[in-house]
Amino acid sequence: MFQKIGFIGTGAMGSAVARLAAGGAPSLYLSNRTAEKASRLAQALPGAVVSSNQEIAGLCDLIFLAVKPQVMPQVLTEIAPVLARRQDRFTLVTMAAGLTCETIRQLAGGAYPVIRMMPNTPITVHAGAIQYCGVDVPAEQLEAFAALLQDAGTVDQLPEHLIDAASALSGCGPAFVCQFIEALADGGVACGLPRQKALAYAAQMVEGAAKMVRLSGQHPGALKDTVCSPAGSTIQGVRALERAAFRGAAMDAVIAAYEKNLELKEGK
Ligand SMILES: NC(=O)c1ccc[n+]([C@@H]2O[C@H](COP(=O)([O-])OP(=O)(O)OC[C@H]3O[C@@H](n4cnc5c(N)ncnc54)[C@H](OP(=O)(O)O)[C@@H]3O)[C@@H](O)[C@H]2O)c1
């Protein structure tokens with residue numbers, strides 16, 4: 001379905017998504033402010049070539065905008081005249097936190113089809129999540145878009161008004177979980193485990209617990225109860241977390257990220 005896919009910005013997330021999209025079209029064009037980053041990625045991906053923002057804007061039928069939200073106005077102002085001259089159909093894809101499809105259209109200077117996606121870093125190990133929505137994008141093209149990125153992990157269509165919430169939970173969440181894993185490992189080290197073993201055990205345990213939540217269909221509270229024997233050690237750890245307001249802190253982390261997404265929407 002897609003003939004020429006382009007990425008403007010090949011940083012952490014742009015390159016992760018480009019790796020998934022590589023092979024989904026005959027040509028892949030990569031552009032980055034620091035050109036060496038695009039060159040390095042092009043060498044790793046079959047069919048990929050280094051390009052420029054303007055060339056991508058003029059040639060590609062799927063144009064990923066993988067720059068920071070604060071940089072988006074500058075990039076779209078730069079390519080707007082090229083987009084305006086096009087007679088063929090193309091779709092802009094934004095992954096910028098907080099920016100709506102409508103904002104992208106305004107910055108790009110036209111009512112172009114836009115897909116808004118929210119990836120997370122675990123897509124690099126095919127265990128991530130992408131939420132997406134589209135404006136003026138036909139259903140079959142949205143399906144092709146989801147198929148293009150299916151190796152990410154899960155790819156889920158969501159109404160646009162929920163993307164900021166998904167971004168705060170699913171997009172930012174890997175940082176929160178890594179903090180948790182690091183803290184658990186510190187606890188293990190405090191109890192005498194070597195650092196490498198403590199980290200490996202913490203990561204494996206979080207992955208396994210998450211898999212149980214996903215696959216068992218049981219409520220996480222019920223799964224927690226199965227570990228807590230009466231008068232046992234686990235319930236003492238649960239008590240320590242409750243006393244430290246662990247669940248309130250986790251909720252606040254998501255809400256704080258959500259509030260920052262809303263600020264980004266206002267250009268702050
Ligand atoms: N990281 C995440 O977990 C995550 C999750 C969800 C969504 N996102 C979104 O993904 C987008 C990219 O974030 P990121 O984490 O990948 O940031 P990043 O690593 O800083 O990548 C941004 C890239 O954009 C390039 N760039 C800056 N100005 C440019 C220009 N005028 N033309 C072409 N390229 C330009 C930068 O080039 P230089 O090499 O010169 O700096 C950099 O490589 C953001 O909108 C962010 O909200 C990120």
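The values are calculated or read from the model by the stated rules, or taken from the named source; none is laboratory data. Bear in mind the structure is a predicted one, so any value in this text is a computation, not a measurement. Because the Cβ atoms are built from the backbone with ideal geometry, glycine has one as well, and the counts that use them run over all protein chains shown. Side chains are part of the model used for accessible areas, which takes the heavy atoms of the whole protein and leaves out ligands, DNA and RNA. Shrake-Rupley method; radii C 1.70, N 1.55, O 1.52, S 1.80 Å.
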### Query
Over region 1-108, what is the mean sequence separation of C-alpha contacts under 8 Å (at least six apart), divided by residue count, expressed as relative contact order in percent?
28 percent
### Query
Given only helices, namely DSSP H runs of n ≥ 4 each adding -39500 (n - 2.57), what is the per-residue ellipticity at 222 nm of the chain, to the nearest 500 deg cm²/dmol?
-16000 deg cm²/dmol
### Rounded tilt (10° steps) of 12-21 against the dominant C-alpha axis of the chain
70 degrees
### Task
Please work out the Cα center distance from region 1-32 to region 107-160, rounded to the nearest Å.
13 Å
### Task
Could you give the size of the charge dipole of the chain about its Cα centre, using +1 on the Cβ of each K and R and -1 on the Cβ of each D and E, expressed in debye and rounded to the nearest 20?
520 debye
### Message
Distance between the C-alpha centers of region 48-69 and region 221-241? Whole Å please.
### Response
51 Å
### Task
About the Cα centre of region 97-215, how large is the charge dipole given +1 on each Lys and Arg Cβ and -1 on each Asp and Glu Cβ? Please answer in debye to the nearest 20.
460 debye
#### Entry: In Å², nearest 10: area of Lys68 left accessible to a 1.4 Å probe
140 Å²
### Task
Could you point to the residue in Tyr29, Leu162, Ala80 farthest towards the positive end of the chain's charge dipole, with +1 and -1 charges on the Cβ of Lys/Arg and Asp/Glu respectively?
Tyr29
### Query
Just the accessible area per residue of the chain, please: how many Å² with a 1.4 Å probe?
53 Å²
### Query
Mind checking which lysines have their C-alpha under 18 Å from Lys197, skipping anything on the same chain fewer than 8 residues away?
none
### Message
Tell me the carbon and sulfur percent of the accessible area for the chain, rounded to whole percent, probe radius 1.4 Å.
### Response
58 percent
### Summary
Spelling it out for Gln157: with amide H atoms placed in the peptide plane at 1.01 Å from N, the residues 5 or more places away or on another chain with amide H under 5 Å from its amide H are Tyr132
### Message
Let me check against my output: what whole-number percent is the relative contact order of region 177-268, with C-alpha pairs under 8 Å and at least 6 apart?
### Response
14 percent
### Query
Using Cα atoms only, what is the angle between the long axis of helix 195-216 and the major principal axis of the chain, expressed in degrees (0 to 90) to the nearest 10?
80 degrees
### Query
Looking at Thr100, Ala202, Val227, which one has the Cα that reaches farthest to the positive end of the dipole of the chain (charges on Cβ: Lys, Arg +1; Asp, Glu -1)?
Ala202
### Summary
The lysines whose Cα lies under 21 Å from the Cα of Lys4, excluding any fewer than 8 residues away in the same chain, are Lys37
### Summary
Length-normalised contact order of region 106-229, Cα under 8 Å, at least 6 apart, in percent, tallies to 19 percent
#### Entry: Listed residues Glu242, Glu160 arranged by accessible area, highest first, probe 1.4 Å
Glu242, Glu160
### Query
For helix 139-148, what angle does its Cα long axis make with the longest principal axis of the chain, in degrees from 0 to 90 and rounded to 10?
60 degrees
### Task
State the dimensionless ratio Rg/Rh of the chain (Rg: radius of gyration of Cα atoms; Rh: Kirkwood radius).
1.04
### Task
Starting from the residue with the highest accessible area, list Asp61, Asp186, Asp136 in decreasing order, probe 1.4 Å.
Asp136, Asp186, Asp61
#### Entry: Ranked order, Thr94, Thr234 - accessible area, probe 1.4 Å, largest first
Thr234, Thr94
### Task
Check the straight Cα-Cα distances from Lys268 and name the aspartates and glutamates below 12 Å, setting aside those fewer than 8 residues away within the same chain.
Glu259
